[in-house]
Each structure stands twice: as C-alpha cells, then as structure tokens.
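To keep things clear, I will list the structure first and then write my remarks on it.
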Amino acid sequence: MTNDTTMTTATSAVPTAEPLTLPCGVTVKNRFYKSAMNEALAGRDCAPTEAHVRLYRAWARGGAGVLVTGNVMVDHTQLGEPGNVAVEDERDLVMLRRWAAAGTENGTHCWMQINHPGRQSPVTINPHPLAPSAGKIDGEYGHFFAEPTELTRNQIRDIIRRFANTARIAQKAGFTGVEIHAAHGYLINQFLSPLDNHRTDEYGGSLANRARFLFDVFDAVREAVGPQFPIAVKLNSSDVPIAVKVNERNDAPGGFSEEESIWVMKQLEARGVDLIDISGGTYAKPVIQTNGGAVEDRRRGVYFTDFARRVKGELSVPVTLTGGFRNAADMNRALSEGITQMIGIARPLALVPDLPNCIIRDGWQGSVDLPRVTTGIKPLDKAFGGILVISWFELQMHRIARGHRPNPHIGGMRALLFAIKQHGPAALAPRRRKGRQ
Ligand SMILES: Cc1cc2nc3c(=O)[nH]c(=O)nc-3n(C[C@H](O)[C@H](O)[C@H](O)COP(=O)(O)O)c2cc1C
C-alpha cells in the first residue's frame, strides 16, 4: 500500500458501502466482490484444507460483500492447475462446510467458482484433456498441453451434470452462491469461441449452438440450487487480444465478439442469472501475466470499461467489472457512472486482505501498488513470466493462510522455488494458455 493515505469519514454515501439486492432476492452487504484466485492450497487429493479455512476467514473479516473462491473443478482428472480443489461427490463435505463457514463470517457471501479446464489443462497434470474439438494448442506454450479428445455428446451431458452436482454440494456445504467460470479460455469459453469450437453438431457452428453448452450448464445449476440461490457467470467480453490500449475495441478476427458476448449476457439474464462478472484475456495478450506492476496498472486503469459502457444500456442484471481496481476513486467513479454494480478485485486482496474495511470503514484514499515481480535474471523472467506472477500471488495467499501478513518485498526467485516445492516441476508449466488470463 502507498503511504499517501488521506483519512476521510466513512458514511453510507460511500458508493462501495451500499448493499445490493440480486435478482434472486438475496442482498449482499456492500459492493466489494473478491474475484476468484486459485489458492493452490489443495494437495494431490484435491480436497480443501485448513489453509482454505484460515485464508477465507481473513478475507471475510476484511469486509468484502462477496468472496468468490478460486476455481473448483468438477472432475478430479481434469484440473486446470496444480493445487486445484475438485468437488465431484460429498467425500469432503466436512472440510467444505468449514471452508464455507469461515468465508461467510461477518455477514459475507462466499460463492464457489465452478470450472472445467477443457484443453487448457497442462500435460504435467493431465495427459488426456477433453475439449469441444480436437486440435493441439498452438504457439510457444503448445507443448505444455496434450492434444485433447473431442467430447462426445454423452461426455458433454456428463460434464453438465457435474457442474450441477458440484453446485448442489456447494450449497449443501453452506456456500451462499456459485459462479460458473465461462471465461479465460477454459471449457465453456472454448465452446463459445469459434476459434476453439469446430463442432458440426448442435454444440457448434452458430452462436446459439456454441452458447448451448453454457446455457445447459446454467439451467442444470439453477435446477440444482433453486430460484433463490445466487448464480453468477464470469464471461469474456470477447476473444479480443488485450491490445496496448486495453479498452479499445479490437475483436479477434473470427473469434467470439463483443456483440456475441452481449447476446449471451442477455440470454443469461432471461434465464435468471444474478450477476455477470465481466472479464477477458486471450491468446495474444494476457491480462495478468504481463507483470508490469503498478506502472502498467496506472497506464491501463480499470479493465474493460468501454465494454462495460456498451453493456450498461443493454442489461438490467447486475454486473461486476473485474481487473485494475486499485483505489477508492476509481471504484466510486465506476459505481456512480453505473457501468458496474460491484467492484471485482483479485490481486490487491492478496496484498491487503482488509482493503474493503480500509476503504469503507477508514475512508482510505490511497492506491494499492502491485510490485513488478522479478527473479533479477532476465532470461528466467522471460521464460517463467506468467508462472512467476501467479506463483508470487499464491505465495501471498499461503502467507495469509498461515497467519502471516502478506509481504510485497518477496522476490520472484522465492516465488518460483515456493511453487516447485508445493507442486513439483508441474508448477513450471503454464497454468493458462499464453494470452488467456
Ligand atoms: C493467482 C491468481 C489466480 C487466479 N485464479 C483465477 C481463478 O481461479 N478463476 C478466475 O476466474 N480468475 C482467476 N484469476 C483472475 C482474477 O480473478 C482477476 O480476473 C484478475 O486477476 C484481474 O483482476 P485484478 O486486476 O483485480 O487482479 C486469478 C488471478 C491470479 C493473480
């Protein structure tokens, strides 16, 4: 945190302090939406641990209205990254209950993010990935991912059932909502994107067909959890390469476009979604792996604001904009302008877990400066850039889970060694395709 704090009195006029009622009737206490970050805290059994409990207790006490968990996989054999939790039956119900109880302390909502990686599952942890269509991932990281098998209709039906079952177990365990991960190049995003989906059956081709998998998943989850349980969907604004000017319109040729994304959002609204979490990140330029730290943050500002402005007139369902929020002024502006109804924040909460309290209660007006993570060795930074950044933030989450304060001065080399110690050499495989967030 920077030291330029100006203390102001927190009042109910603070836009971030306003409660929000969702379409399902549930009210969340304020506008802070802790976005999903894979905690990398599960062992080989993919079960949640006491460390999850302690981490989420710290965040719940930190004052956010909603905490979204890191992505929880619907299948133990199909993980997106080492250290993922997977929930496909009730074997871990006791620990899930403890996790949910900690995350819902202090009147906080704790929602489980549910995901399937599709082909974006590193070969070091999954030699047999599944995807809408066969075809190896190209580009410089291609060799980290095995060639996936095209899903059969039965396998598609099985995965839809798995999403619903994981949501049902989350609800039974005491999580107070779920977020379906349809962004960042994972399975649902692969179905949506014509760059990944070459199917010729009812799940491929037209937009309605490409979106069918998401809608089937959504409907199955809604049926499993009932009408009064919040369901959010995290969706990419498009297959847009995150260009130098992140908010410029720049659809990837032949990819999932902004128009298509808005159409999907409208359909989700009609189906009863409670919140759309707008995100992005594609092959060409990743959102969080560029590692520019605070300098880059200041240049870019809040991500996807232009897209959120386009969405504003089109939807009545609440939106949360995620990425780039570092100070109260930007948050208040985005809320007052009406381009978002919640403030999605990920990395700053790994450094300042009580940021919502600092802003709402203490009136903190400073800015969370993310450091530029480096090993000090250029070729290493270049080779492991994305993993370096993600491991660094995972290390901070592990510190919080062990009862320590986050330490912004930790170097990149320590983060890399930490990742290898936690997960073995698999830690060094890219967690997401280059260009996907
Ligand atoms: C360590 C780490 C893990 C992440 N894991 C997930 C995840 O499991 N699911 C997800 O939707 N996004 C994930 N993200 C992306 C964040 O939710 C968020 O979209 C991104 O960091 C931009 O927001 P920020 O600028 O506030 O950090 C992760 C980000 C980081 C740094």
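When the residues of segment 36-61 are filtered to those that are among the acidic types (Asp, Glu) and part of a loop (DSSP other than H, G, I, E, B), which remaining residue is surrounded by the fewest Cβ atoms within 10 Å (Cβ to Cβ)? If you could, list the steps in order and put the result at the bottom.
Of the residues in segment 36-61, the ones among the acidic types (Asp, Glu) are 39, 45, 50.
Next, only the ones that are part of a loop (DSSP other than H, G, I, E, B) stay: 39, 45.
On the way: Glu39: 25, Asp45: 12.
Ranking the candidates gives Asp45 first.
Can you confirm whether segment 233-256 contains a residue that is modelled with pLDDT of 90 or more and under 25 Å from Asp89 (Cβ atoms)? Explain how you work it out, then say what you get.
From segment 233-256, those modelled with pLDDT of 90 or more are 233-236; that's our starting set.
Of the ones still in play, those that are also under 25 Å from Asp89 (Cβ atoms) are 233-234.
Scanning segment 233-256, I find at least one residue that is modelled with pLDDT of 90 or more and under 25 Å from Asp89 (Cβ atoms), so the answer is yes.
Is segment 192-215 home to any residue that is among the polar types (S, T, N, Q), in contact with a strand residue (DSSP E or B) (Cβ under 7 Å, 6 or more places away or on another chain) and either within 16 Å of the ligand (Cβ to nearest atom) or not in a helix (DSSP H, G or I) (or both)? There is no residue in segment 192-215 that is among the polar types (S, T, N, Q), in contact with a strand residue (DSSP E or B) (Cβ under 7 Å, 6 or more places away or on another chain) and either within 16 Å of the ligand (Cβ to nearest atom) or not in a helix (DSSP H, G or I) (or both). Only residues that are touching an Asp or Glu at 6+ places or on another chain (Cβ under 8 Å) and within 21 Å of Asn236 (Cβ to Cβ) were counted across segment 320-341, and they come to 3. Screening Arg298, Arg333, Arg310 for residues that are in contact (Cβ under 8 Å) with a residue 12 or more places away in the chain, over 20 Å from Thr27 (Cα atoms) and not in a strand (DSSP E or B) leaves exactly one candidate, Arg310. Of the listed requirements (1) under 22 Å from Lys234 (Cα atoms); (2) modelled with pLDDT under 95; (3) in contact with a Phe, Trp or Tyr (Cβ under 9 Å, 6 or more places away or on another chain), Pro82 misses just one: (3). Take the residues in segment 320-334 that are crowded, with 20+ Cβ neighbours inside 10 Å and among the aliphatic types (A, V, I, L, M); name whichever of them is farthest from the ligand (Cβ to nearest atom). Top of the filtered list is Ala328. For segment 65-86, the set of residues classified as of a type in the set (Val, Ile, Thr), outside any strand (DSSP E or B) and under 30 Å from Asn357 (Cβ atoms) consists of Thr69 only. Within segment 350-364, the set of residues being charged (D, E, K, R) and either in a helix (DSSP H, G or I) or under 21 Å from Gly323 (Cβ atoms) (or both) comprises just one member, Asp354. Comparison of Asp274, Asp297, Asp306 shows that the only residue that is at pLDDT below 95, more than 16 Å from the ligand (Cβ to nearest atom) and out of contact with any helix residue (DSSP H, G or I) (no Cβ under 7 Å at 6 or more places or on another chain) is Asp306.
In segment 135-148, the residues that are small (Gly, Ala, Ser) reach residues that are modelled with pLDDT under 75 with C-beta atoms within less than 8 angstrom, at least six apart or across chains, in these pairs: Gly139/Tyr283; Gly139/Arg433; Gly139/Lys434; Gly139/Gly435. Each residue in segment 96-129 was checked for being in contact with a Cys (Cβ under 7 Å, 6 or more places away or on another chain) and either within 17 Å of Val72 (Cα to Cα) or outside any loop (DSSP other than H, G, I, E, B) (or both), and 2 pass.
Does Asn115 satisfy the condition of being modelled with pLDDT of 95 or more, within 30 Å of Leu20 (Cβ to Cβ) and crowded, with 23+ Cβ neighbours inside 10 Å? Please lay out each step first, then the result.
Values: modelled with pLDDT of 95 or more: yes; within 30 Å of Leu20 (Cβ to Cβ): yes; crowded, with 23+ Cβ neighbours inside 10 Å: yes.
It is true that Asn115 is modelled with pLDDT of 95 or more, within 30 Å of Leu20 (Cβ to Cβ) and crowded, with 23+ Cβ neighbours inside 10 Å.
Would you confirm whether or not segment 34-44 contains a residue that is more than 15 Å from the ligand (Cβ to nearest atom) and among the hydrophobic types (A, V, I, L, M, F, W, C)? No, every residue in segment 34-44 fails to be more than 15 Å from the ligand (Cβ to nearest atom) and among the hydrophobic types (A, V, I, L, M, F, W, C).
Scanning segment 130-161 for residues that are in a helix (DSSP H, G or I) and either at pLDDT below 95 or of a type outside the set (Asp, Glu) (or both) gives Gly142, His143, Phe144, Arg153, Asn154, Gln155, Ile156, Arg157, Ile159, Ile160, Arg161.
The values are calculated or read from the model by the stated rules, or taken from the named source; none is laboratory data. Predicted model, so just to flag it, every value in this text is computed and none were measured. Neighbour counts are summed over all protein chains in view; Cβ atoms, including those assigned to glycine, are modelled from backbone coordinates with ideal geometry.
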